[in-house]
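Peer 1: Take this structure first; my questions come after.
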Amino acid sequence: MKKLLGVCLASWLTVVTPAMAEVRADQLQLREGYPQEYVVVKGDTLWDISGHFLQEPWRWPQLWDVNPQIDNPHLIYPGDILYLTWVNGQPRLSKSRDDRLMPRARVSKIERAIPAIPLKDIYAFMNENVVLDSEMMEATPYILGGRDKRIIAGAGDRVYARGQLRSNSDAQNIYRPAKEYRDPVTDELLGYELTKVADATVTARNDDVSTLDVDKSRYEVRILDRVLPTPSSRLQSHFYPDAAPAGKNGLIISVPKGVNNIGRFDAVTINLGKREQVKAGDVFKIFTRGETVADPVTNEVVQLPMEEAGSLMVFKAYEKVSYGLVMTATNVLAVGDIIKSPFDK
């Protein structure tokens, strides 16, 4: 009988253990010393709030998703009190300890709701920076010059562009090529970053030459600046973090601000884009490269293992590159650091 029980137990472990391991891997891991409740304050983000409870704050959609009292976690406001509860063995957040849902009116602008991430840190990159591939760059209209053969123009001046405008809209933006992105491993040209210099209005079109009046300028308009339609969409504020695709590992290739050391809430450029199925909301772990040291016994140069040092979330993806925001940093980060999907060890 004991032998039979042993065989049955072994069979049960063989069948059940992998499934149980998968469930455990999917369970939300609470951080040590997590609070039982939290009062939302001005300046909070959904990521920050979840960071008080979870070891992996980017998994906040799972922390709140199934809770009927928080149908839309983007509509949480300063002053709300959040309580940690449990649903089917999983931690969840709720706004009230009272299970009875009472109808109530709330007058508050949606813009005041707590955002997923600090939007102020990515505003410029969402609205004033674009990345074009080489074909798009060649096809984009460029500034020929200004009135009276001026080579520099500003607000109130008139300029002329050559090339087929991409839309019939009179509202256009003028951009300046600022940076060329190349893959540090393959040397593939990944695209050109352009920075917005002015707002302009098309006043006349003559074949492939357009007349534009510069309405507002951040910098002077110069010959060879590029003309693109004014974006019609508003700044994206709703992000749903998710693990980046498994096996899609890459590198931080640039810091648009031009700083050497990268910290929390710095925007970075990575060498992965839409062609690698990367999208806004994807989360990567950041690893610093291990230092090289001399072995005191053999005098060999030894490469130390890389170490996890932070995380980033993609907020804008182009074809071959993406912009990401560093959400956590436990060490100083730098260009060349490795990014990996949370699925990859």
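The values are calculated or read from the model by the stated rules, or taken from the named source; none is laboratory data. The shown structure was predicted, so the numbers you read here are calculated from the model rather than taken from an experiment. All Cβ positions, glycine included, derive from the backbone under ideal geometry; neighbour counts span all protein chains shown. These accessible areas exclude ligands, DNA and RNA; they are computed on the full protein's heavy atoms, side chains included. Shrake-Rupley method; radii C 1.70, N 1.55, O 1.52, S 1.80 Å.
Peer 1: From the phi angles alone, apply the Karplus equation (6.51, -1.76, 1.60; θ = phi - 60°) to region 208-220 and give each ³J(HN,Hα) in whole Hz, x where the residue is Gly or Pro.
Peer 2: With the stated coefficients, region 208-220 comes to 9, 10, 10, 9, 10, 9, 7, 8, 8, 9, 8, 9, 5 Hz.
Peer 1: Let me ask something additional. At 1.4 Å probe radius, can you tell me the per residue accessible area of region 198-338 in Å²?
Peer 2: Numbers: 7080 Å² over 141 residues.
Ligands and nucleic acids excluded, the result is 50 Å² per residue.
Peer 1: Give the residue from THR186, ASN173, ALA155 lying farthest towards the positive end of the charge dipole for region 133-248; charges sit on Cβ (+1 for Lys and Arg, -1 for Asp and Glu) and the dipole is referred to the Cα centre.
Peer 2: Positive-end residue among those listed: ALA155.
Peer 1: Hey, can you rank 211-220, 313-322 by average C-beta count inside 10 Å, highest first? Please list the in-between numbers first.
Peer 2: Numbers: 211-220: 16.8, 313-322: 21.8.
The packing order, highest mean first, is 313-322, 211-220.
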